[in-house]
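Okay, structure first, notes after.
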Amino acid sequence: MTPGLHKAGHDTETKAQRDGDAAMTTEAGAPIGAMPLYTHLERIERGLAAQGVAPGDPIRPEQLFPLDQWHYHGTEAVATAAERLGLGPQSSVLEIGSGIGGPARYLAHTTGCHVTAVELQPDLNDLGADLTRRCGLADHVTHLCGDALTVELPAGAFDAVVSWLAIVHIPDRRRLFERAATALRAGGGCYVEDLCAHAPFQGEDAVDLRDVVHGRSVSTIAAYVDDLQAAGFRDVEATDLTPDWAPFAHARLAAWKHGRAAYAAVHGDGAYDAQELFYTVIARLYDGGSLGGVRLVARI
Ligand SMILES: C[S@@+](CC[C@H](N)C(=O)[O-])C[C@H]1O[C@@H](n2cnc3c(N)ncnc32)[C@H](O)[C@@H]1O
C-alpha cells in the first residue's frame, strides 16, 4: 500500500466518523470517503478563489466546469447524454451518484431540464447544493442525500436516468436498475458511463480497485448489459470506451504531474498527493488490461 493511500484514508476516516453514517463504511475495505477523489473538498472553494470568486459569492456555472465534473471528458460527456436522451426544458432527470453536482448543473443550465441529483456522501451533497444555489439553479436541481439503493424515489416520475462513474461503487447493481426502471415513465431513457472489467483483477490491482477506486460492481460489459435487461431495459446499446479512456487516464496523470508545483502551492501537498495516487492507480489498472470503460444507452 502506498504512503499516499494511508494518508488519504486517515483523513477521511475522521470525516466518515464525523458524519456518523453507517453507509459510509462498507462491508469490506476502506470507507468510500477515503477514496482520494472525495477528500480535500476545500479544493473547490480554492479553485473558485483563483478565479476571483469569494466564498458565498454567486458563481457562473462555467466557472465550476473545470472543478465539478468528476468523470471522463468533462461537460462534453454530459452534452452527449443530453443529446442522446433528447433532454429539454420539460424533461425530468434522475442522476445516480451526483458528486458535487457538476453533471446535474450542466444539464439544467444547458437544456433547462429539472434534475434530481442523488448523492450518498453528505459533505459532497451539501457542497453540491450550495454550489447549485450560488449558480442560481436551485429551481432546476434538487439535491437528495441518500443511498440510491434505498432512497425514496417516486414511481414513473422521470423521463431519464443518468449516471457517470458512480454505479461502480454500488454493490447491488441489478437492484439499482430495477429501482431506476420503476422511477422512469414508460419509454424513458437511460444513459450510463462507468468502469468495467476486461479481465479479472489480481493481487495489488484487486486491492487498489477495492480501496483506492472503491470498486464494488466492476464487471464485464456483458454482465452490465444483462443487469439492465433483467431490470426490463430494452434497446441496450453498449460501447466499449476503453480505447479512449485508457490514453485519457495517462494524459490526465501526466498533466497532473506537470502541474504539481502550481497546484500544491494553492491546495497543499496533501490535496495534490491524493489526486496523484488516484490517477496513478487508474492508469496502472488500464495498463494491466483489467480495467475498461463503457457507455450504456437504453430505454424502458
Ligand atoms: C466519481 S463520482 C462522480 C460524480 C458525478 N457523477 C460526476 O461525474 O461528477 C461518484 C459519486 O457516486 C456517489 N455514490 C457512490 N455510491 C452511491 C450510492 N449508493 N448512492 C448514491 N450515490 C453514490 C459517490 O459518493 C460519488 O460522489
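With a simple spin-label model that places each label point 7 Å from the Cα along the Cα-to-Cβ direction, the separation between ARG84 and ASP287 comes to 3.0 nm. A cut-off under 11 angstrom between Cβ atoms defines the neighbours of SER290, and their net charge, with Lys, Arg +1 and Asp, Glu -1, is -2. Treating only the Cβ of Lys, Arg, Asp and Glu as charged (+1, +1, -1, -1), what charge dipole size does the chain show about its Cα centre? Round to the nearest 20 debye. It works out to roughly 320 debye. Averaging 1/r across all pairs of distinct Cα atoms in the range 103-228 and inverting the result yields a Kirkwood radius of 15.9 Å. Each Cα pair under 8 Å and six or more residues apart adds its sequence gap; the mean of these over the residue count of the range 3-299 is a relative contact order of 19 percent.
From the residues ALA160, GLN121, THR75, which one has its Cα farthest along the dipole of the range 16-160 in the positive direction, the dipole being from +1 and -1 charges on Cβ of Lys/Arg and Asp/Glu about the Cα centre? Farthest along the dipole direction, towards plus: THR75. Normalised by 2.2 N^0.38 Å, with N the number of residues, the alpha-carbon radius of gyration of the range 3-299 equals 0.95. Residues ILE44, ILE59 in ascending order of nearby Cβ atoms (within 10 Å, fewest first): ILE44, ILE59. Residues ILE282, ILE32, ranked from the fewest to the most other C-beta atoms within 10 Å, line up as ILE32, ILE282.
Around GLN90, what is the net charge, scoring Lys/Arg as +1 and Asp/Glu as -1 over all other residues with Cβ under 14 Å from its Cβ? Can you show the working numbers first?
On the way: positive: ARG185; negative: ASP159.
With Lys, Arg at +1 and Asp, Glu at -1, the neighbours total 0.
Can you tally the net charge around ALA231? Count Lys and Arg as +1, Asp and Glu as -1, for every other residue whose Cβ sits under 13 Å from the Cβ of ALA231. With Lys, Arg at +1 and Asp, Glu at -1, the net is +2. Extension gain for the segment ALA222 to ALA206, taken as residue separation times 0.36 nm less the Cα-Cα distance, is 3.7 nm to one decimal.
Using a 10 angstrom Cβ neighbour count of at most 15 plus a DSSP loop assignment to flag exposed GluC sites (Glu not before Pro), which longest range of the chain is free of such sites? List each step's numbers first, then the result.
Numbers: sites that count: GLU27, GLU152.
Of all site-free stretches, the longest is 153-300.
Using the Cβ-Cβ distance between THR150 and ALA265 with R0 = 30 Å, the FRET efficiency computed as 1/(1 + (r/R0)^6) comes to roughly 0.10. Taking amide hydrogens as placed 1.01 Å from N in the peptide plane, the amide H of THR116 sits under 5 Å from those of VAL93, LEU94, GLU95, THR142, each at least 5 positions away in sequence or on another chain.
Just so you know, all these numbers are worked out from the coordinates, no wet-lab data involved. Treat the numbers as computed from the prediction; the structure is a model and nothing was measured. With ideal geometry, Cβ positions are generated from the backbone for all residues, glycine too; neighbour counts draw on all protein chains shown.
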